[in-house]
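Okay, so here's the structure we're looking at.
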């Protein structure tokens, strides 16, 4: 089992309230969840009006499919246009299913 993780920092310019920020972030999170069937959440900077950190995870049994999925997610975020993408951390790793099942 392969797991892909993205941590995306976005900068929201011209937003003067947390309500305005949350509207954009919530929209992005929901669109990513529905379009890419990934786990998505705002993971940091919740009290900042102009900064958000979004965590995204996807699971696959095929490395090329996982890379393609993560690339599509990054492109979707970059092309959104409502914010500036500041930094993207990307990590892919193998999770040993047998070790996980043994722990249960």
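The values are calculated or read from the model by the stated rules, or taken from the named source; none is laboratory data. From a predicted model like this one, the values you see are computed outputs, not experimental measurements. Glycine gets a Cβ as well: all are built from the backbone with ideal geometry, and neighbour counts include every protein chain shown.
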Suppose we filter 10, 54, 88, 24 for residues that are part of a helix (DSSP H, G or I) and crowded, with 16+ Cβ neighbours inside 10 Å; which single one remains? 24
Taking the stated definitions as given, is residue 76 touching a helix residue (DSSP H, G or I) at 6+ places or on another chain (Cβ under 8 Å) and modelled with pLDDT under 95? no
